[in-house]
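Readers should treat all values here as calculations from the given coordinates under stated rules, not as data from a laboratory. Just so it is clear, the structure is predicted and the values come from calculations on it, not from any experiment. Neighbour counts run over all protein chains shown; Cβ positions are idealised from the backbone, glycine included.
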């Protein structure tokens with residue numbers, strides 16, 4: 001699994017807080033996509049206290065984590081099956097949303113590459129710290145996804 005963290009200049013010349021993480025998963029892209037899209041599967045390794053519904057474009061779902069109490073609203077903006085999911089959710093304790101893009105690429109008929117990027121934090125020390133926390137969280141999500149679809153094990157249960 002690899003991580004890319006950057007502060008890229010925006011169109012106005014300001015720095016943008018954003019990151020991208022990725023991992024190769026030894027399963028067909030359709031199976032990997034479904035493990036994120038399908039709330040029952042997502043709850044098996046990531047949203048361990050439940051996901052309210054599939055990640056259908058235009059919907060709002062809730063994600064609940066057993067180890068981090070409280071359900072989070074997730075606003076699903078765009079979905080292209082087996083290609084990408086774009087969503088927004090609240091930035092930590094902030095009063096604004098960040099943007100998340102999950103990309104799914106078939107490497108061959110038996111494996112996929114998943115990239116997750118997030119951006120949109122305020123350019124403050126608090127925004128920077130929240131982005132670091134989410135970078136860690138998405139990295140761990142990819143690790144848990146990999147173990148879940150390749151081995152059928154809920155690794156998150158052992159991480160926290």
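Its Kirkwood hydrodynamic radius, worked out from the mean inverse distance over all distinct Cα pairs, puts the chain at 16.0 Å. Among 159, 128, the order by Cβ neighbours within 10 angstrom, fewest to most, reads 159, 128. Compute the long axis of helix 125-151 from its Cα atoms, compare it with the longest principal axis of the Cα atoms of the chain, and write down the angle in degrees, 0 to 90, nearest 10. Its long axis makes an angle of about 10 degrees.
A full extension of the chain between residue 53 and residue 67 corresponds to an added length of 3.0 nm, given 0.36 nm per residue minus the alpha carbon distance.
Full extension of the chain between residue 113 and residue 151 gives 12.0 nm of extra length, using 0.36 nm per residue less the Cα-Cα distance.
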